[in-house]
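> What follows is a structure written as structure tokens; I'll ask about it next.
The values are calculated or read from the model by the stated rules, or taken from the named source; none is laboratory data. On a predicted model such as this, the values are computed, not experimentally measured, just so you know. When we count neighbours, we look across all protein chains shown, and the Cβ atoms used for this are built from the backbone with ideal geometry, even at glycine.
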Amino acid sequence: MGIPLSEHTFGRVSFKRGSLLGQRVLVLNSSYEPLQLVSIRRAVVLLLQEKAEVIEAIEQRLRSQSFSLEVPLVIRLVRYIKIPRRMRLPCSRRGVLARDRDTCQYCGIQPGRAFLTVDHVIPRSRKGETTWENVVTACRDCNHRKGNRTPDEAHMVLASKPRQPQYIAFALLGELERHEVWRKYVYG
């Protein structure tokens, strides 16, 4: 189904006021890593300037007198944008829970944030630090079972090795979780 566009014009493409313009589009680097969320208007500009290509779209189309364009959900930049990698994110309970997707890294359950804890893989009593590489999400039972031991000593296996998340993807994490199509670009 096409969406006739009118009222606001950018170059050859017109935009209708309404819910469509409030929609956001995920911009991926040419390497498919998430960079930012932009308005549909900005995404269309990037597409018209041939700086990006549509990766995922909805069935509706943007129409003008001379052409038609898919309504983008995800676009990918044609040229790679270098991102500074030195940015160190502060390690926090909220951040660890978000990185681990509110899932116990020992048993895999998702009881809800109120019932999850942050566990030090190498216990603090053994000079384990509170860093992205040493903390994981754990349910209360698993954290209690592990106690003051390492996972090996407690005969427990981590679902994944803890690591610092990429800054850009992590900064967008809450937003990207809201749209099913976008999730695969964060965790893929």
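> Please pick out the residue among Leu35, Leu20, Leu26, Leu62 that is touching a strand residue (DSSP E or B) at 6+ places or on another chain (Cβ under 8 Å), over 13 Å from Trp182 (Cα atoms) and either modelled with pLDDT of 90 or more or in a strand (DSSP E or B) (or both).
On inspection, the qualifying residue turns out to be Leu62.
> Confirm whether Ser68 is in contact with a Gly (Cβ under 9 Å, 6 or more places away or on another chain) and surrounded by fewer than 14 Cβ atoms within 10 Å (Cβ to Cβ).
It is true that Ser68 is in contact with a Gly (Cβ under 9 Å, 6 or more places away or on another chain) and surrounded by fewer than 14 Cβ atoms within 10 Å (Cβ to Cβ).
> Just name the residue that is modelled with the lowest pLDDT out of those in the stretch 136-178 that are surrounded by 16 or more Cβ atoms within 10 Å (Cβ to Cβ) and assigned to a loop (DSSP other than H, G, I, E, B).
Selected residue: Gln166.
> Here is a list: Glu133, Glu129. Which entry is surrounded by 11 or more Cβ atoms within 10 Å (Cβ to Cβ), more than 23 Å from the chain's Cα centre (by Cα) and charged (D, E, K, R)?
Among Glu133, Glu129, only Glu129 is surrounded by 11 or more Cβ atoms within 10 Å (Cβ to Cβ), more than 23 Å from the chain's Cα centre (by Cα) and charged (D, E, K, R).
> Condition (residue is of a type in the set (S, T, N, Q), assigned by TED's automatic domain parsing to the domain that holds Val157, at pLDDT 90 or above and over 18 Å from the mean Cα position of the chain (by Cα)) applied to the stretch 47-59: is it met by at least one residue?
no
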